[in-house]
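Written out below as structure tokens is the structure these notes cover.
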Amino acid sequence: MSGRQVHRVYIKADAKRVWEAITSPEWNSRYGYRGATELELRPGGAVRGRSNPGMIAAGAPQIGVDGEVIEVDPPHRLVQTFRMLMDPGTAAEGFTRLTYELKEGKDGVTALTVTHELGDAPNLGRLMAGEFEEMGAGGGWAWVLSDLKSLLETGRAFGD
């Protein structure tokens, strides 16, 4: 499953709060795979997604995802490259392109659209589509974005 994945979620929070939850390690370590992602929010800035302690105990590298910021327009748009380093197969597929678009609507609801341009990265595509959820690899983007929504709307993520 390579190519392109598009996921949209509507979150009862303003765009600045959703932006902070995506870009701040204090927030992004609280949902999804619970590894802090550090972003240098400028074109050319580094992206480093840290593995969580359980992943590291299972043999994962300290840095599970790396990339580079391409475009940043807070709190509306973030474009970055994305390379999964968790195993040699996904690492060898190289860099993909990830775009976050936030649009605040009425009633304090923000539409968050995540577009993952996978190119020719079939292993990463299957992982991010949630195909390995039964094996304990998580539910991909749908799961991460659902957990983000839960955290921002209720103050609790799935594992809390």
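Collect the residues in region 11-56 that are buried (at least 16 other Cβ atoms within 10 Å of the Cβ) and β-branched (Val, Ile, Thr), keeping them in residue-number order.
Of everything in region 11-56, those that are buried (at least 16 other Cβ atoms within 10 Å of the Cβ) and β-branched (Val, Ile, Thr) turn out to be Ile11, Val18, Ile22, Thr23, Thr37, Val47.
Scan region 21-48 and report the pairs whose first residue is free of Cβ contacts under 8 Å to residues at least 40 places away in the same chain and farther than 16 Å from Ile70 by Cα and whose second residue is surrounded by fewer than 20 Cβ atoms within 10 Å (Cβ to Cβ) and of a type in the set (Ser, Thr, Tyr), with Cβ atoms within less than 6 Å and a gap of 6+ or a chain change.
Ala36/Ser29
Tell me the residue from Val65, Val6 that is surrounded by fewer than 15 Cβ atoms within 10 Å (Cβ to Cβ) and not small (Gly, Ala, Ser), please.
After ruling out the rest, the residue left standing is Val6.
Taking Glu131 and the conditions (1) over 18 Å from Pro61 (Cα atoms); (2) in a strand (DSSP E or B), which numbered condition does it fall short on, given that it satisfies the others?
For Glu131, the failing item is (2).
Does region 68-126 hold any residues that are of a type in the set (Asp, Glu), out of contact with any Leu (no Cβ under 9 Å at 6 or more places or on another chain) and either in a strand (DSSP E or B) or within 22 Å of Ser24 (Cβ to Cβ) (or both), and which are they? Reasoning before the result, please.
Keep residues of region 68-126 that are of a type in the set (Asp, Glu), which gives 68, 71, 73, 87, 93, 101, 104, 107, 117, 120.
With out of contact with any Leu (no Cβ under 9 Å at 6 or more places or on another chain) added as a condition, the list becomes 68, 73, 87, 104, 107, 120.
The answer is Glu68, Asp73, Glu104.
What are the pairs with Cβ atoms under 7 angstrom where one residue, in region 61-77, is without any contact (Cβ under 8 Å) to a residue 24 or more places away in the chain and more than 15 Å from His116 (Cβ to Cβ) and the other, located anywhere, is hydroxyl-bearing (Ser, Thr, Tyr) and surrounded by 15 or more Cβ atoms within 10 Å (Cβ to Cβ)? Sequence gap at least six, or different chains.
Sorted first by the residue in region 61-77, then by its partner, the pairs are Gln62/Ser51.
Considering every residue within region 45-65, establish whether at least one is closer than 14 Å to Ala121 by Cβ and not in a loop (DSSP other than H, G, I, E, B).
Our first condition is that a residue be closer than 14 Å to Ala121 by Cβ; within region 45-65, this holds for 65.
Among the residues that remain, those that are also not in a loop (DSSP other than H, G, I, E, B) are: 65.
The answer is yes; a qualifying residue exists.
Out of region 14-40, which residues are more than 17 Å from Arg77 (Cβ to Cβ) and of a type in the set (A, V, I, L, M, F, W, C)?
Trp27, Ala36
From the list Ala91, Ala111, exactly one residue is within 18 Å of the chain's Cα centre (by Cα), over 20 Å from His76 (Cα atoms) and of a type outside the set (S, T, N, Q). Which is it?
Ala91
Which condition number in (1) closer than 21 Å to Ser146 by Cα; (2) surrounded by 15 or more Cβ atoms within 10 Å (Cβ to Cβ); (3) not basic (Lys, Arg) is the one that His76 fails?
With respect to (1) closer than 21 Å to Ser146 by Cα; (2) surrounded by 15 or more Cβ atoms within 10 Å (Cβ to Cβ); (3) not basic (Lys, Arg), His76 is out only on (2).
Taken together, the values in this text are just the output of simple stated rules run on the coordinates, not laboratory data. Bear in mind the structure is a predicted one, so any value in this text is a computation, not a measurement. Note that we place each Cβ from the backbone using ideal geometry, even for glycine, and neighbour counts take in every protein chain shown.
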